[in-house]
Amino acid sequence: MFNLNPKEEKFYKMFCEQATNVYNSALVLGEAINDLKNKENVAKKLEKLEQEGEDILSKVIKELNTAFITPIDREDIYSISKSLESITDLIGGTMHRFTMFDINESNVQAENLCSMIVNVTKEIMELMNEMKLLDKKNNIPTKIKNIKNIELNGDKLFRKTVTELFKNEKDVLTIIKWKEIYQMLEDTLDSCENVANIVEGVVMKHA
């Protein structure tokens, strides 16, 4: 279907760069959640990764403005790139919540949600690597399904966790803090599913 030249392939390469950046951000968060003593330093590290994500998005936009031919629709390229950048923003925002709320110890629920984020961003990284095979045999449907399943499990865990929080926690301030952190983690999983949904739409257009 497509005969990609190097100029067209550059968009897929930038997707891979962004997805790797997203996965690295998730790994940083996943490691930090087990030991929040250095949360300020971790937040700064994530800020750097956020900036790298923004820089790649800017490069994608610049290339879109000058490219004569693109391998998929311009709108889809922008949507995928923007959605990937949003994931790093949410991951960084989560760590900033720990800093702002002065939370020095995590819990199993947050750790499990972070573990899901690490797993789902790994799937996204692999999904982006498959994009260049859009017109060939690929694992895109499997990766999309895996991402959606992880998000679904995360949604179930989020609802259960928030229910238990309101049922068992008596301190209102603690409830407010943790509810926002859980919401940020769930929003991150939702953003990961959004990437999968966009790619799924691209696949349907080129079926």
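The values are calculated or read from the model by the stated rules, or taken from the named source; none is laboratory data. What you see is a predicted model, and the numbers here were worked out from it, not measured in a lab. Note: ideal-geometry Cβ built from the backbone for every residue, glycine included; neighbour counts use all protein chains shown.
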For this session: Among the residues of the range 51-107, count how many are exposed (fewer than 15 other Cβ atoms within 10 Å of the Cβ) and small (Gly, Ala, Ser).
Result: 1
Exercise. Exactly one of (1) part of a helix (DSSP H, G or I); (2) without any contact (Cβ under 8 Å) to a residue 40 or more places away in the chain; (3) closer than 28 Å to Leu134 by Cα is unmet by Phe68. Its number?
Worked result: (1)
Seminar exercise, completed: Of the residues in the range 198-207 that are of a type outside the set (D, E, K, R) and touching a residue at least 12 places away in the same chain (Cβ under 8 Å), the one that is farthest from Val120 (Cα to Cα) is His206
Problem set entry | Qualifying residues in the range 113-140 (those that are more than 16 Å from the chain's Cα centre (by Cα) and in a helix (DSSP H, G or I)) - the one surrounded by the fewest Cβ atoms within 10 Å (Cβ to Cβ) | Leu133
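Evaluate the range 163-177: report whether one residue or more is within 30 Å of Asp73 (Cβ to Cβ) and touching a residue at least 60 places away in the same chain (Cβ under 8 Å).
No, the range 163-177 has no match at all.
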Exercise. Across the range 141-161, what is the number of residues that are surrounded by fewer than 20 Cβ atoms within 10 Å (Cβ to Cβ), of a type in the set (A, V, I, L, M) and within 19 Å of Val195 (Cβ to Cβ)?
Worked result: 1
Exercise. Are any of the residues in the range 77-98 over 22 Å from Lys143 (Cβ atoms), in a helix (DSSP H, G or I) and of a type in the set (Asp, Glu)?
Worked result: yes
For this session: Check off (1) of a type outside the set (Lys, Arg); (2) more than 18 Å from the chain's Cα centre (by Cα); (3) at pLDDT 95 or above; (4) more than 24 Å from Lys132 (Cβ to Cβ) for Asn41 and give me the number that stays unchecked.
Result: (3)
